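First comes the structure, then the notes that go with it.
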Amino acid sequence: MQNTGFFRYLNHTFSLRQALGWTGASLLLALLGAHFFRASEYGLVVCCCGVLLLHCGHARWKWYAVSFFLFWGAVQWGSTAFFLAQARMQAGLPWFRAALIVWSVAGITCLGAIALYGSQSHAGKEDPLARLKGMVFFCSFWVVHSLASLSPVPLLLLERFFPRWGEAQIIPLAWYGVFVLTLLLDPKRSRRGRKLVWTFFSCVFFGQLILGLLGMEKLLMTGNLHIPVPGFIVFGPAFRGTPGMMLALALAAALLVGSAWCSMLCYFGPLDAAAAGSRPVRPLPPLLRRAARHGRLLVLALGAAVALTLRMAELPLEAALAASVLFVGASLLCMALLSRKYGGMEHCTAFCPMGIVVSTLGKLSPWRIRVAPEKCDNCGACENVCRYRAISATSRVQGKTDFGCSLCMDCIAVCKNKALALRAVGLPLSAATARSIFVLLLVVVHIVFLAFARV
Ligand code: SF4
Ligand code: SF4
């Protein structure tokens, strides 16, 4: 047969084995979509269609993503078989045949996922990040979907406007997660990329808040307004006497990715980064330096005491609002005067109580920046770029960064001697693997925040 352009294209694009894998996986995805359609889970139907579209792409990471999605699909079929058998048993109906059919579909889906995954493992290695990207795509989908389905209130924005369609927004979010991962793992683009992604997150957060205040209450998480300042993630529960969802999210994030909350997950940080600008960081005068050392602890203690007093004294809401306005004013003043003047993120490092909470909790996670003193020639580039004032000649000699390190990795990007690396303390991981796992976790948590973090 003549090798026409079309056949040459097909031949170049797919091996026979891949073509079979593609067809099988497409049928399994269509079947899964039909299953969700029958259950009126229209958002998940859109997810299946989205993954099917993904499956048409050439990039290897997409095929990995599809195989992980199919594994998840097999678990969905398995649980359906279990509940079907249980329901039929309780109703006194024959259950074995029906459950066996659904179990078989679960088994075939699982085999399809294994075959697709295996076909990629043996394929060329033109994208070393393919598996990681596929994992970020799937984990973002899975975590956001699981949290959304566990919540008694609709967490996903789309769900508030179109009930049962909410999950449809997860596929673009997961795709965006792959883009963020690629940026953060590229040494040349990581610094700028982190700032862009972080600023975008802050714009989405405050954009929703402004629209909510203008009358679109559905954009506010509970329909009620909360003060959008990180300190209130701690003070709010102290005032109300009940823990909030944001507190749970922040604490879970601190355990997973340590103090990276302060460099990628906090919606307020980009304001301080903008105030600090891009000028070189200047040293603080001795008096301010001493005040900054204990500032966050002091603000945390004072703020918690005020919140508890307001609650116990049952003072009117106006008093709480006045205290809140004072706190927000002090935050903005700190940025306007100190961060602008000295070029460091003074609000985050010396004032914000959430910073000290996540830095302390972050010690439970294994992630640390480590310095190889023998490679360091004391050029000072890391010190100049660190807006958290967390690295100095003294800390470099000790082989580590200071307590305030936010794991932003900007210093790693500028160190020409490769003397700095992110490590997983206590775990037998190379620097490259540690960084990949850390960035994977960071991106997934970031996507969860992007999907849910609304006041
Ligand atoms: S940038 Fe690297 S070589 Fe320069 S002072 Fe920092 S750790 Fe040392
Ligand atoms: S020491 Fe490095 S990783 Fe830590 S905050 Fe400073 S620049 Fe970021």
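Taking all Cα pairs closer than 8 Å and separated by 6 or more residues, the relative contact order of segment 230-360 comes to 43 percent. If you wrap the Cα atoms of segment 40-166 in a convex hull and average its projected area over all directions, you get 9.1 nm². Quick one: grab the alpha carbon gyration tensor of the chain, order the square roots of its eigenvalues as a ≥ b ≥ c, and give me rounded if a/c is under 1.5, else prolate or oblate depending on whether a/b is larger than b/c. Verdict is oblate for the chain.
Ordered from longest to shortest, the equivalent ellipsoid semi-axes for segment 366-424 are 14, 12, 11 Å, each the square root of 5 times a Cα gyration tensor eigenvalue. Packing order of peptides 277-286, 437-446, highest average first: 437-446, 277-286 (average count of other Cβ atoms within 10 Å over each peptide's residues).
Within segment 26-53, which residues have the backbone N less than 18 Å from the label spot 7 Å out from residue 108 along Cα→beta-carbon, could you tell me? Backbone N within reach: 26-38.
Relative to the longest principal axis of the Cα atoms of the chain, helix 170-184 runs at roughly 60 degrees. Once R0 is set to 41 Å, what does the formula 1/(1 + (r/R0)^6) return for the Cβ-Cβ distance between residue 196 and residue 97, expressed as a FRET efficiency to the nearest 0.05? Rounded to the nearest 0.05, the efficiency is 0.15.
Computed extension length for residue 23-residue 242: 73.7 nm, one decimal, from 0.36 nm per residue of separation with the Cα-Cα distance subtracted. Averaged over its residues, the chain has an accessible area of 50 Å² per residue, based on protein heavy atoms and a 1.4 Å probe.
Rounded to the nearest 500, the helix-only mean residue ellipticity at 222 nm of the chain stands at -21000 deg cm²/dmol, with each DSSP H run of n ≥ 4 adding -39,500 (n - 2.57). Computed from Cα atoms, the angle from the helix 190-213 axis to the main principal axis of the chain rounds to 90 degrees. Rounding to the nearest 20 debye, state how big the charge dipole of the chain is about its Cα centre with +1 on each Lys and Arg Cβ and -1 on each Asp and Glu Cβ. It comes to approximately 1160 debye. For the chain, excluding the exposed loop sites themselves (GluC sites (Glu not before Pro), DSSP loop, at most 10 other Cβ atoms within 10 Å), the longest remaining stretch covers 127-313. Between residue 274 and residue 59, full extension at 0.36 nm per residue minus the direct alpha carbon distance yields a gain of 73.8 nm. Mean separation of Cα pairs under 8 Å and 6+ residues apart, divided by the residue count of the chain: what relative contact order is that in percent? After rounding, I find 16 percent. Restricting attention to the chain, the count of lysine pairs at 8 or more positions apart or across chains with alpha carbons under 16 Å apart stands at 10.
If R0 is taken as 35 Å, the Cβ-Cβ distance between residue 251 and residue 188 corresponds to a FRET efficiency of 0.55. For the chain, the share of accessible area belonging to carbon and sulfur comes to 69 percent (1.4 Å probe, ligands and nucleic acids excluded).
The values are calculated or read from the model by the stated rules, or taken from the named source; none is laboratory data. All of these numbers come straight from a predicted model, not from anything done at the bench. Cβ atoms come from the backbone with ideal geometry, glycine included; neighbour counts cover every protein chain shown. Heads up: the accessible areas ignore ligands, DNA and RNA and are worked out on the full protein's heavy atoms, side chains in. Shrake-Rupley method; radii C 1.70, N 1.55, O 1.52, S 1.80 Å.
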